[in-house]
Amino acid sequence: MNRYDFVIIGAGSVGVPLAYYLSLTGATVLVIEKKKSVGQGSNKAAIGGIRATHSNPAKIIVGKKSLEIFENWQKKHNIEWYRGGYSFLAYDKDTEKELRELVKFQQSVGLEIDYLERDALLEKIPSLNQYNLRGGTFSPKDGSASPLLTINSFYREAKKNKVVFLFDTEVVGFNVSDGSIKEVKTNKQTLKGDIVINASGGWANKVQSLLGEEIPVMPDVHEAGITEPVKHFLDPMLVDIRKTEDSANFYFYQHKTGQIIFCLTPKRPRLGFDVSETSSFLPIATRRMVSLVPRLVNIRVRRTWAGMYPMTPDGNPLVGFSKKIKNLFIASGMCGQGFMLAPGLAYYLAQYFKENKEEEELKIIFKEFDPYRAFGKEEKLK
């Protein structure tokens, strides 16, 4: 068989859950992946945070659905799901003002979140550095899970539903006629699909350029790390959005199995595909971590790594059909949030392709994530 209802390019955070949910509709699905197994691009570098706490309404809709899916998925699969919540911290007036305004909007669109004053926040997170602490947000339904366990569980379920995966196979071109893709050419064979989905993450623009079209997805490299396990003391993911001299923001949490997992956004974007580690990351990250939770001063770091955030100009994904190629659908540019957004997005897209109609949630998703939007207002909690 070399013709499918859907051909998905990329077996990563988006492609694998999307293949699974499409297979539930009875569609025939093929996934093409240039690496040798699932999740070997940006997915394996994710630190595992999952939240609906965003400033974009579509991200909130998709995030809430993802949280629901992760919780239910844990009942059947061991993906180390833990509902510890998220807390965005305020240590200065400007951050406090920004977070308070965001909470009003988030509550208005149905997100379960509150801004907690200093003492109330310390009751929830007693290990926080109290000096200059003004308060922070708390969203109890957010959480974390293992990216590796999650993507492999979706892969196994997709295989049960007869999804075909071609690994070590690279898309090298397309045969196009009358504005539609007639064949997908790989380094091994030529395949056919009624709808072709570009879910290739940081490589999305490279795939798109094979069709003579550019999309604004640029890899931005971030570094992360993990410590030794310690007795559980910290529930939520802590996020510090203040900009410092050498970094933009910092976030970390204690995994279900005891380790502290952390990630830092560099002050200047580090664009490109080079995911080598730097000597500057760990000193900057550990200083920020200890400044927020002083008791971690003697914890030992076990490992660090780097991965790509497929960024767009406004920090929101690109989801929708190409204007140039009729049967090419774009599902890329997740801005480092593919792991947390993909299950919810996959669920909604499968419903869209099955019913061929847009429910209210899908109308918002396609509007906010339109690949051809103006890219004006930036997502504040990207």
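The values are calculated or read from the model by the stated rules, or taken from the named source; none is laboratory data. Worth saying up front: this structure is predicted, and the values here are computed from it rather than measured. Positions of Cβ are generated from backbone atoms using ideal geometry, with glycine treated the same way; all protein chains shown enter the neighbour counts. Just so you know, the surface numbers come from the protein's heavy atoms only, side chains and all, with ligands and any DNA or RNA stripped out. Shrake-Rupley method; radii C 1.70, N 1.55, O 1.52, S 1.80 Å.
Data overview
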item	result
Residue check, residue 287 in contact (Cβ under 8 Å) with a residue 24 or more places away in the chain, outside any loop (DSSP other than H, G, I, E, B) and surrounded by fewer than 16 Cβ atoms within 10 Å (Cβ to Cβ)	no
Which numbered condition residue 319 misses (of (1) open to solvent by less than 20 Å² (accessible area, probe 1.4 Å); (2) without any contact (Cβ under 8 Å) to a residue 24 or more places away in the chain)	(2)
Residue in region 61-69 that is among the polar types (S, T, N, Q), in contact with a strand residue (DSSP E or B) (Cβ under 7 Å, 6 or more places away or on another chain), in a helix (DSSP H, G or I) and crowded, with 20+ Cβ neighbours inside 10 Å present	yes
Selection from region 317-333 of residues that are part of a strand (DSSP E or B) and at positive phi	320
Residues satisfying the stated conditions in region 270-284, i.e. surrounded by 18 or more Cβ atoms within 10 Å (Cβ to Cβ) and farther than 29 Å from residue 78 by Cβ	270, 281, 284
Search result, residues across region 214-238 that are outside any strand (DSSP E or B) and among the hydrophobic types (A, V, I, L, M, F, W, C)	215, 217, 230, 233, 234
Condition check for residue 336: of a type outside the set (D, E, K, R), open to solvent by 50 Å² or more (accessible area, probe 1.4 Å) and either closer than 18 Å to residue 196 by Cβ or in a loop (DSSP other than H, G, I, E, B) (or both)	no
Residue match in region 368-379 (condition: farther than 24 Å from residue 180 by Cα and in a helix (DSSP H, G or I))	yes
Close pairs (9 angstrom Cβ cut-off, 6 or more residues apart or separate chains): closer than 25 Å to residue 307 by Cα and of a type in the set (D, E, K, R) in region 6-35, in a helix (DSSP H, G or I) and open to solvent by 10 Å² or more (accessible area, probe 1.4 Å) anywhere	34/203
Flag for residue 308 being buried (at least 24 other Cβ atoms within 10 Å of the Cβ) and either in contact (Cβ under 8 Å) with a residue 60 or more places away in the chain or within 19 Å of residue 151 (Cβ to Cβ) (or both)	no
Among (1) surrounded by 18 or more Cβ atoms within 10 Å (Cβ to Cβ); (2) assigned to a loop (DSSP other than H, G, I, E, B) - the single one residue 36 does not satisfy	(1)
Strands (runs of 3 or more DSSP E) wholly inside region 163-213 containing at least 3 residues that are under 14 Å from residue 4 (Cβ atoms) and of a type outside the set (Val, Ile, Thr)	190-198
Residues of region 113-148 satisfying the condition of being in a loop (DSSP other than H, G, I, E, B), without any contact (Cβ under 8 Å) to a residue 60 or more places away in the chain and charged (D, E, K, R)	134
Subset of region 141-174 [surrounded by fewer than 19 Cβ atoms within 10 Å (Cβ to Cβ) and aliphatic (A, V, I, L, M)]	148, 149, 164, 166, 172
Residues located in region 255-269, provided they are open to solvent by less than 60 Å² (accessible area, probe 1.4 Å) and part of a loop (DSSP other than H, G, I, E, B)	255, 258
Any hit, region 202-223, residues being closer than 30 Å to residue 120 by Cα, open to solvent by 50 Å² or more (accessible area, probe 1.4 Å) and of a type outside the set (A, V, I, L, M)	no
Filtered residue count, region 224-234, keeping only those that are closer than 26 Å to residue 382 by Cα and open to solvent by 20 Å² or more (accessible area, probe 1.4 Å)	1
